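A.B. asks: Here you go, one structure.
The values are calculated or read from the model by the stated rules, or taken from the named source; none is laboratory data. Because the structure is predicted, anything quoted here is derived from the model rather than measured. With ideal geometry, Cβ positions are generated from the backbone for all residues, glycine too; neighbour counts draw on all protein chains shown.
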Amino acid sequence: MMPENRNQLNRRRLIEVETGRDITYFKDKPDLLKKYIDRSRDNFKIIANKKHYTVKEVIEIGRKLYEIYGINALLVDPYNFFKVTSPNSHAHNNEILSELRVFTEKYCSVYLIGHPGTQASRQPNNNEGFKKAPSKYDVQGGADFPYRVDDFFIMHRIINHPERSVRTQMQIKMEKIKERETGGNVHVDGDYTALTYETREGFRGYFDENGDNPMYRAKVAKLDVSKELVQIKKMKPEDVF
């Protein structure tokens, strides 16, 4: 993982996602916090962004992490963090995507986090006056990016909406899938999968329309509750952890 934010903040977010608790919950639980910090360090190796890396340098770090720890994926956030070594943006993007493609063939998957380019901010609003979700062609890096990757997800939030139910919703759009033999498909125009940020029985996180969250499901499974995620009226924090 190559973070956009400070290492400590990323580590904190990883713990909060797994436990469904704000980090302040562990203020008086140092042993429990250490348990999750150790688990996080075992499963996520964070590359400090104290240096402006070239894509070749990141790939070399990824190779070492794969050979030493057997990592399953390399995440780069953001995509445009790489040091420019090519004469123009097209050559720069082509170099990055080509180098990463070769890396995935030999080592592990690569996830790139991109942000919308300036042209996305000029797109007209929807009928309610809010920004539409960007398309794969709005990402920084231009058309090179969506054409070269295997899969393309878009995550969109309307953070200034007057209704809280909308502000706390994450819209997930699948705009490209290279292999569809296993049943995957893209969303049609205007469609998306909604994830809602809420608290369920003391667990804070994003839940889909069926009430599923992988981390929450894992906690429930430890209590031998049915897979239907029935209401757990008597779940206590110590049961969750």
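A.B. asks: Go through (1) in contact with a His (Cβ under 7 Å, 6 or more places away or on another chain); (2) exposed (fewer than 10 other Cβ atoms within 10 Å of the Cβ) and name the single condition GLN171 misses.
C.D. replies: It is condition (2) that GLN171 fails.
A.B. asks: If you check every pair at least six apart or on different chains, which have Cβ atoms under 8 Å apart with a residue in region 6-35 that is under 22 Å from VAL220 (Cβ atoms) first and a residue that is in a helix (DSSP H, G or I) and among the small types (Gly, Ala, Ser) second?
C.D. replies: Filtered contacts from region 6-35: LEU14/SER40; ILE15/SER40; GLU18/SER40.
A.B. asks: Of the residues that sit in region 42-60 and are of a type in the set (A, V, I, L, M, F, W, C) and part of a loop (DSSP other than H, G, I, E, B), which one is surrounded by the fewest Cβ atoms within 10 Å (Cβ to Cβ)?
C.D. replies: Once the filter is applied, the top-ranked residue is ALA48.
A.B. asks: Determine if region 224-234 includes at least one residue that is among the β-branched types (Val, Ile, Thr), assigned to a strand (DSSP E or B) and either at pLDDT below 80 or farther than 15 Å from ARG21 by Cα (or both).
C.D. replies: No, that holds for no residue.
A.B. asks: Which of the residues that make up region 134-185 are closer than 22 Å to SER109 by Cα, within 18 Å of the chain's Cα centre (by Cα), free of Cβ contacts under 8 Å to residues at least 60 places away in the same chain and in a loop (DSSP other than H, G, I, E, B)?
C.D. replies: Residues satisfying the conditions are VAL149, ASP150.
A.B. asks: Every residue in region 66-103 that is of a type in the set (Phe, Trp, Tyr) and in a helix (DSSP H, G or I), please.
C.D. replies: Listed by number, the residues that qualify are TYR66, TYR69, TYR79, PHE81, PHE103.
A.B. asks: Follow-up. Among the residues of region 13-35, write down those that are out of contact with any strand residue (DSSP E or B) (no Cβ under 9 Å at 6 or more places or on another chain), closer than 19 Å to TYR206 by Cβ and buried (at least 17 other Cβ atoms within 10 Å of the Cβ).
C.D. replies: Result: LEU14, ILE15, GLU18, TYR25.
A.B. asks: Looking at region 104-133 only, could you name the residues that are among the hydroxyl-bearing types (Ser, Thr, Tyr) and assigned to a strand (DSSP E or B)?
C.D. replies: SER109, TYR111, listed by residue number.
A.B. asks: Being on the phi < 0 side of the Ramachandran plot and not hydroxyl-bearing (Ser, Thr, Tyr) narrows it down to one of GLY70, GLY184, GLY142, GLY129, so name that one.
C.D. replies: Among GLY70, GLY184, GLY142, GLY129, only GLY184 is on the phi < 0 side of the Ramachandran plot and not hydroxyl-bearing (Ser, Thr, Tyr).
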